[in-house]
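Below: one structure, written as structure tokens.
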Amino acid sequence: MNIIRNISLVCFFVFFLPKICLAAQQATIHKLIGLDLGYGTFSFAEKIDQKIVYPVANLTTALAYKRFIGVINISGSIDDAIISEESETGSASRTDIDFTTGYQFSKRFSGFIGYKNGETKYNWRSRPKDDSIILAPISLAKESYKQSGPYVGASINWKFEQAGKLSISVAYSKLNANNRFFSDGDGLEEGETKEFDDINGKTSNKSTGYSYSLNWTMPLKGNLLFKTRFKTNSYTQDIKFEGETYKGIREKSSILSVGLSGIF
């Protein structure tokens, strides 16, 4: 087996490696890296009344060859958001990772497929005071709402001679949703039906929905690009727990950011 492996390696270096290196020299592979800063939001109306707002950073890396492009986007909250609901308070954070492969059908139209992984985490605590004395907050529970899976979409762009490029994209996602809930309801009395905020435990479901993105880029000096981006995700799932089904549970998240990219 070692002899066969060694012969195979020799053949590879003698016959194939020079051809691969020559093709790589002839091909033009563009590389991009960029950093955006801005604000993100997350809303889960059935679980918490308020829309969560947090500062966010987004790192983008990409490789482009002819009409093909591969992109990795990593974004996350750089500071926790403060949350409040009835007798609890706490903090929230968000992370997202997207892997995308696209193909440019024409100067204006492109299609893409990808895989995403996003998670929102809540850290609930009791309120730090009551009617008579000040109390230290007590950690109650940790919640998380995680979604991962594939997506497919298309984009259209317009180039303006003096104003850069505007791009709009739409994607459809079919995801696995794994949730860990903390019951913040007021409990069940005899004859009452369990409400959504009475769920306490883990659930696994399917989630579907759409993402919409608006991007504008403007060339600067040299290889630098100025860019701004707005992206929103809206997903719906039917959550089943202990014989009950809660239909049409919706989660929304969005990012508005500006930043710089370098092309090499």
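The values are calculated or read from the model by the stated rules, or taken from the named source; none is laboratory data. Predicted, not measured: the structure shown is a model, and the values here were computed from it. Reconstructed Cβ throughout: ideal geometry from the backbone, glycine too, with neighbour counts over all protein chains shown. For the accessible areas, the whole protein counts, side chains as well, though only heavy atoms, and no ligand, DNA or RNA atoms are used. Shrake-Rupley method; radii C 1.70, N 1.55, O 1.52, S 1.80 Å.
In table form, for the structure just shown:
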| item | result |
| --- | --- |
| Environment charge at S254 (Cβ cut-off 13 Å; Lys +1, Arg +1, Asp -1, Glu -1) | +3 |
| Accessible area of segment 31-128 belonging to carbon and sulfur atoms, whole % at 1.4 Å probe | 62 |
| For segment 59-107, the fraction of alpha-carbon pairs in successive 10 Å shells from zero, as % | 21, 30, 20, 16, 10, 2 |
| Qualifying trypsin sites (Lys or Arg not before Pro) for segment 202-264 [loop in DSSP, other Cβ within 10 Å: at most 16] | K221 |
| Radius 12 Å from Cβ of N215, net charge of other residues (Lys, Arg +1; Asp, Glu -1) | +3 |
| Cross-link table K159/K231; K121/K165; K121/K174, entries beyond 28 Å C-alpha to C-alpha | K121/K165 |
| Using θ = phi - 60° and Karplus 6.51 cos²θ - 1.76 cosθ + 1.60, couplings along segment 248-264 (whole Hz; Gly, Pro as x) | x, 6, 10, 10, 10, 9, 8, 9, 10, 8, 9, x, 10, 10, x, 10, 10 |
| Length released on extending from Y210 to Q162, taking residue separation times 0.36 nm less the Cα-Cα span | 14.1 nm |
| Probe 1.4 Å, protein heavy atoms only - accessible area per residue of segment 72-111 in square angstrom | 55 |
| Within the accessible area of segment 153-264 (1.4 Å probe), percent carbon and sulfur | 55 |
| Vicinal HN-Hα couplings computed from phi for segment 238-246 (Karplus, 6.51 cos²θ - 1.76 cosθ + 1.60; Hz; Gly/Pro x) | 9, 9, 9, 8, 6, x, 9, 10, 10 |
| Projected label distance in nm at I29 and I74, using a 7 Å step from Cα toward the beta-carbon | 2.0 |
